[in-house]
Amino acid sequence: IPEAEKFRIEYWELEEAKLRRMPPPKPLATRVALVTGAGSGIGRAIARRLVAEGACVVVADRDADAAEAVAAGLGGPDRALAAVVDVTDEEQIAAAFRAAVRAFGGVDLVVNNAGISVSKPLAETTAADWDTQHAIMARGSFLVSREAARVLAAQGMGGDIVYIASKNGVFAGPNNIAYGAAKADQAHQVRLLAAELGGLGVRVNGVNPDGVVRGSGIFAGGWGAQRAAVYGVPEEKLGEFYAQRTLLKREVLPEHVANAVFALTAGELSHTTGLHIPVDAGVAAAFLR
Ligand code: NAD
């Protein structure tokens, strides 16, 4: 065998042996999660589900009162810790990870969920709109993942990073340039980090929800009115409109997104990384308006 080939085989044997030593995913009941944007909507539902499965959770949000309220409702300091984190702030992110390690001994599941939507038609989208949108969703999730990777690598036990991305990062919706582009950035972060962190046993996957109207602060805070105008339906009928355009004729709720995070991290999908799971009752599977 040529020298180069011998080296290749030895190298892969070494890598294989390393991977064989890597422990399988820990059961959720023994895990510690950090969920960004967990003070509301989808993030809150994810935090609730993970605690219901026995995990300890850091409820990270830039809205301190919301984070405190969610954490208090999850059984208090033994199970949930509120952390004031603006995902655009590197120091606040690092501090939240340090707090998690202090309180619960480590972190092995990180959910990039914090988000806003400032999307408008192209001509009305300012440079500031673009920067704000990307600072929170593209840059913010990159910063959180970078800190997560540092902590996960130091622990040497593998782990999970989950992005709450969007159908809008894959398919073009109307008047959606800033939000859609930032979600597409997140979608590619999933693949890039799955490739870069796979050797550490860290899985990186995405969940692509669509039309989660009820419970969503994004929808209540102006996005809903804007979407209602785009689709020509009254805002109070938006949930119903989204449900009717799905293949399953079902409204998507925050809990359905939390179910997908559970499925990705509970252990059964131990060999899945770089994947995006749609939670959209079938919208992305069909050619619909
Ligand atoms: P939401 O407004 O209810 O929750 C978002 C949370 O993120 C809020 O608690 C907010 O305070 C927090 N947040 C915003 N900016 C932050 C920052 N800089 N740092 C830390 N926290 C910050 O909205 P939601 O609908 O639950 O959305 C959650 C995520 O799901 C977002 O990333 C959103 O883009 C994504 N998503 C939502 C839908 C939907 O239909 N609602 C669809 C696809 C994707």
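Numbers at a glance
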read-out: Which numbered condition V202 fails, given (1) within 19 Å of A138 (Cβ to Cβ); (2) of a type in the set (A, V, I, L, M, F, W, C); (3) more than 15 Å from the ligand (Cβ to nearest atom); (4) in contact (Cβ under 8 Å) with a residue 40 or more places away in the chain; value: (1)
read-out: Test: V151 is closer than 26 Å to A284 by Cβ and of a type in the set (V, I, T); value: no
read-out: Which numbered condition A178 fails, given (1) assigned to a helix (DSSP H, G or I); (2) within 16 Å of the ligand (Cβ to nearest atom); (3) touching a residue at least 40 places away in the same chain (Cβ under 8 Å); (4) under 26 Å from L28 (Cα atoms); value: (4)
read-out: Subset of the range 220-246 that is surrounded by 13 or more Cβ atoms within 10 Å (Cβ to Cβ) and of a type in the set (S, T, N, Q) - its residue that is nearest to P174 (Cα to Cα); value: Q226
read-out: Flag for A149 being on the phi < 0 side of the Ramachandran plot, at pLDDT 95 or above and within 13 Å of the ligand (Cβ to nearest atom); value: no
read-out: Residues that are touching a residue at least 40 places away in the same chain (Cβ under 8 Å), over 20 Å from S119 (Cβ atoms) and assigned to a loop (DSSP other than H, G, I, E, B), drawn from the range 231-257; value: E251, L253
read-out: Qualifying residues in the range 48-69 (those that are near the ligand (Cβ under 9 Å from one of its atoms) and assigned to a helix (DSSP H, G or I)) - the one surrounded by the fewest Cβ atoms within 10 Å (Cβ to Cβ); value: A66
read-out: The range 247-272, subset among the β-branched types (V, I, T) and more than 14 Å from the chain's Cα centre (by Cα), residue surrounded by the fewest Cβ atoms within 10 Å (Cβ to Cβ); value: T272
read-out: Residue satisfying condition, being at pLDDT 95 or above, under 30 Å from A225 (Cβ atoms) and assigned to a helix (DSSP H, G or I), within set D129, D86; value: D129
read-out: Any hit, the range 153-174, residues being of a type in the set (D, E, K, R), more than 15 Å from the ligand (Cβ to nearest atom) and assigned to a helix (DSSP H, G or I); value: no
read-out: Flag if A45 is among the aliphatic types (A, V, I, L, M), within 15 Å of the ligand (Cβ to nearest atom), more than 20 Å from the chain's Cα centre (by Cα) and at pLDDT 95 or above; value: no
read-out: Every pair of residues 6+ apart whose Cβ atoms lie under 6 Å, when the first sits in the range 82-103 and is touching a residue at least 12 places away in the same chain (Cβ under 8 Å) while the second is surrounded by fewer than 22 Cβ atoms within 10 Å (Cβ to Cβ) and of a type in the set (S, T, N, Q); value: V85/Q92; D86/Q92
read-out: Residue in the range 218-230 that is farther than 21 Å from V118 by Cα, more than 16 Å from the ligand (Cβ to nearest atom) and part of a helix (DSSP H, G or I) present; value: no
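The values are calculated or read from the model by the stated rules, or taken from the named source; none is laboratory data. On a predicted model such as this, the values are computed, not experimentally measured, just so you know. Don't worry about glycine lacking a Cβ; one is built from the backbone with ideal geometry, like all the others, and counts go over all protein chains shown.
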